[in-house]
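Participant: First the structure, which I've put down as structure tokens, then a few questions once you've had a look.
The values are calculated or read from the model by the stated rules, or taken from the named source; none is laboratory data. No experiment lies behind these values; they were computed from the predicted model shown. A quick note on method: Cβ atoms are made from the backbone with ideal geometry, for glycine too, and the neighbour counts reach across all protein chains shown. When the accessible area is computed, the model is the full protein with side chains, heavy atoms only, and any ligands, DNA or RNA have been set aside. Shrake-Rupley method; radii C 1.70, N 1.55, O 1.52, S 1.80 Å.
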Amino acid sequence: MRKVYPNAANALDGILRDNLTIAAGGFGLCGIAENLIAALVESGVKGLTIVGNNAGVDGFGMGLLLKTRQVRKVIASYVGENREFERQVLAGELDLELVPQGTLAERLRAGGAGIPGFYTRTAFGTKLGEGKETRVFDGKEYVLEEAIHADLSIVKAWKGDTFGNLVFRRTARNFNPMIATCGNICIAEVEELVECGKLDPDQIHTPGIYIDRIIQGLRYEKRIEFRTVRDNSASRKESPIREMMARRAAQEIRDGFYVNLGIGIPTLVANFIPPGINVTLQSENGLLGVGPFPLENEVDPDLINAGKQTITTLPGSAFFSSADSFAMIRGGHIDLSILGALEVAENGDIANWMVPGKMVKGPGGAMDLVAGVKQVVAVMEHCSKDGKSKILNRCRLPITGKGVVGLIITDLCVFEVIPGSGLRLRELHPGVTVEEVRAKTECRFSYSP
């Protein structure tokens, strides 16, 4: 059984043709198949449909295929910081199917497991759930999602053997295990290729049955999107107002909680967890037990959080795939999620993933989080840059989840969402009056000093 090929171009030989559907592992730039992507670009194959969490960044990762206009369609959860990707979508030059991150992971897993579809709470009542079959289980509405199959899967692992068994490293595991299973053909590239029998069978993450071809990768660049270290000046530049909101959000954390922190202001919450409170932070790209930012000599490109920032681990930490990560979330095992928002409505609806015609970032893991965690706290500026309220009667932007937010923390105050009754003003920040809050809030709210 010959699986080993000398390089990426040879491994792709006889497989490539125009209009292929290719599933590619990785999260941001972490755990991506750099050699195979370069060979795809060099091949000139066109009309591709790319499936993966995101499409790299401008000029690197899967973003290289966008630059050379080899991609017709992308199925992903996050556009992220790829300006060319966003530009092509807004200009109508690229077909984009956005899928919530956890749903994407499970659709890929289902595709490799012979499961044609499944029901999930994620995206019910949102734009991404429109037109899909729904069903009620135990009084809750669920959306039917179909499995994803690819013509070709490309994955990257830390170690592999000549039989195709793979071992991933840290958060570079992410989407790779599921994507390895869902393609008609799977090619893996590894940093270290060893003879069959050299890997401990108890440590193998993906068995060789899923891998058709394997190569020893060369010259890995392993770019880091957001190099974040403890001894830099980033924290000193942080806005006092943003820190105030993060500090207030940290007060909602209880001892023993499992907590997921969103991108932006919520990330700062980890700095203000009260003394004596033991908290386990979960990052949806495959880590339970997120530690502080690393020192400069501790930076590891295989160890990032969901915001693509470099991080560390703590004693008791665990790594796992993105599918396992969202099983924790959908299964109700996460106690609290703190998220940023573009808008929040008085009934607890939240919008935080796109502005039609202007911004397409994608839902990432937010839709899964608001549908699955026990408690959702939204942290946001009270008004937009043009002075308009972001606390509304109804969200104007496409929503992320219906009636999911329990607490809203802004730069002016703290609102509690009372189901069936609307908002109750719970706290005013120093120097803020009730009249000022009323003037800057579109919807009514109750307040009892």
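Participant: Would you please list the contacts, defined by Cβ atoms under 8 Å and residues six or more apart or on different chains, that run from a residue in segment 54-79 that is under 14 Å from residue 23 (Cβ atoms) and touching a residue at least 12 places away in the same chain (Cβ under 8 Å) to a residue that is charged (D, E, K, R) and open to solvent by 20 Å² or more (accessible area, probe 1.4 Å)?
Facilitator: 73/95; 73/97; 74/95; 74/97; 75/97; 76/97
Participant: Being among the charged types (D, E, K, R) and either crowded, with 20+ Cβ neighbours inside 10 Å or in a helix (DSSP H, G or I) (or both) narrows it down to one residue among 230, 242, 254; which is it? Explain how you work it out, then say what you get.
Facilitator: Details: 230 fails: either crowded, with 20+ Cβ neighbours inside 10 Å or in a helix (DSSP H, G or I) (or both); 254 fails: either crowded, with 20+ Cβ neighbours inside 10 Å or in a helix (DSSP H, G or I) (or both).
None of the others qualify; the one that does is 242.
Participant: Within segment 317-358, count every residue that is modelled with pLDDT of 95 or more and in a strand (DSSP E or B).
Facilitator: Number of matching residues: 13.
Participant: Can you report the number of residues in segment 158-176 which are under 16 Å from residue 215 (Cβ atoms) and of a type in the set (Lys, Arg)?
Facilitator: 1
Participant: Hey, can you tell me all the residues within segment 1-46 that are open to solvent by 40 Å² or more (accessible area, probe 1.4 Å), over 28 Å from the mean Cα position of the chain (by Cα), modelled with pLDDT of 95 or more and within 18 Å of residue 190 (Cβ to Cβ)?
Facilitator: Residues satisfying the conditions are 4, 5, 6, 7, 9, 10.
Participant: Please work out if residue 378 is closer than 30 Å to residue 433 by Cβ, part of a strand (DSSP E or B) and either in contact with a strand residue (DSSP E or B) (Cβ under 6 Å, 6 or more places away or on another chain) or open to solvent by less than 40 Å² (accessible area, probe 1.4 Å) (or both). Before you say what the answer is, go through the steps one by one.
Facilitator: Numbers: closer than 30 Å to residue 433 by Cβ: yes; part of a strand (DSSP E or B): yes; either in contact with a strand residue (DSSP E or B) (Cβ under 6 Å, 6 or more places away or on another chain) or open to solvent by less than 40 Å² (accessible area, probe 1.4 Å) (or both): yes.
When the stated conditions are applied, residue 378 passes them.
Participant: Still on this structure, I have one more. So, in segment 78-92, how many residues would count as being part of a helix (DSSP H, G or I), at pLDDT below 90, within 26 Å of residue 285 (Cα to Cα) and open to solvent by 40 Å² or more (accessible area, probe 1.4 Å)?
Facilitator: 1
Participant: Please tell me if residue 263 is surrounded by 17 or more Cβ atoms within 10 Å (Cβ to Cβ) and within 24 Å of residue 224 (Cβ to Cβ). Reasoning before the result, please.
Facilitator: Values: surrounded by 17 or more Cβ atoms within 10 Å (Cβ to Cβ): yes; within 24 Å of residue 224 (Cβ to Cβ): yes.
Criteria met by residue 263.
Participant: Still on this structure, I have one more. Identify all residues within segment 136-171 that are over 17 Å from residue 323 (Cα atoms), open to solvent by 10 Å² or more (accessible area, probe 1.4 Å) and not in a strand (DSSP E or B); write none if there are none.
Facilitator: 138, 139, 162, 163, 165
Participant: Mind checking whether some residue in segment 321-328 is among the hydroxyl-bearing types (Ser, Thr, Tyr), more than 23 Å from residue 25 (Cβ to Cβ) and open to solvent by less than 50 Å² (accessible area, probe 1.4 Å)? If you could, list the steps in order and put the result at the bottom.
Facilitator: Within segment 321-328, the first condition is being among the hydroxyl-bearing types (Ser, Thr, Tyr), and the residues that meet it are 321-322, 325.
Imposing the further condition that a residue be more than 23 Å from residue 25 (Cβ to Cβ) reduces the set to none.
No, segment 321-328 contains no residue that is among the hydroxyl-bearing types (Ser, Thr, Tyr), more than 23 Å from residue 25 (Cβ to Cβ) and open to solvent by less than 50 Å² (accessible area, probe 1.4 Å).
Participant: Of 218, 193, which residue is outside any strand (DSSP E or B) and either of a type in the set (Val, Ile, Thr) or open to solvent by 40 Å² or more (accessible area, probe 1.4 Å) (or both)?
Facilitator: After applying the criteria, what remains is 218.
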